[in-house]
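These notes concern the structure reproduced below.
The numbers here are math on the coordinates, done by the rules we state, and not lab data. The structure displayed is predicted, hence computed values, not measured ones. FYI the Cβ positions are ideal-geometry reconstructions off the backbone, even for glycines, and counts take in every protein chain you see.
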């Protein structure tokens, strides 16, 4: 495991709560792993053997419906934590949307560190509550917002999360970025059809709120109008 001082997300990941000597101890328990696009890191229902910090890239959290269809239930970015500490089974499958790097720990050794160092346990609790708040906002999005409002909210959140991915300070949202999800995946995340997603992108472009300079590129042209449309 490389020195934690070289980690790009060391100031924002859960291990930032540890003192330098404690992080050095944690680093001895971890290893860096590359996860290629489309490769699964964890499988839903398997024993929860691993936890990890996302260092680079974007990964999806998914679950299988009773009919066998995949449902994307979350997307994680650099500095996000994945896995189930203190849990027996993995609740979601975790798959890389782009080539990614993660700092992996065995769940058992990480759980022991969290018990020994209260700061790490507190950071995990804070991160969990943040995720709960995000899930509640997502419930509002899926339950109350129109298709256009969902797409607008999704693009605004993505521009902020991707800006945070490689910045230690408080970054300004990106104006232009690459979508880590394809149109079908966006549809799955937002509870829409792929045809509706494509139609909404076209309408946003025609209205001058966004531009689509490439197959997966999005440029936010009028952020204020997009925020007004999202209801944020």
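Computed quantities for the displayed model
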quantity	calculated
Principal-axis tilt of helix 107-116 within the chain, Cα atoms, nearest 10 degrees	70 degrees
Shape of segment 145-230, Cα gyration tensor, a/c cut at 1.5	prolate
Using alpha-carbon coordinates, inclination of helix 194-206 to the longest axis of the chain, degrees	70 degrees
Simple label model, 7 Å out from Cα along Cβ direction - residue 43 to residue 130, nm	3.1 nm
Relative packing of peptides 190-197, 136-143, 65-72 - highest average C-beta neighbours within 10 Å first	190-197, 136-143, 65-72
Shape category assigned to segment 4-128 from the gyration tensor of Cα positions, a/c cut at 1.5	prolate
Helix axis angle, 118-144 relative to the chain longest principal axis, alpha carbon, degrees	20 degrees
Segment 1-134, relative contact order in percent, only Cα pairs under 8 angstrom and at least six apart counted	32 percent
Pairwise Cα inverse-distance average, inverted: Kirkwood Rh of the chain (Å)	18.7 Å
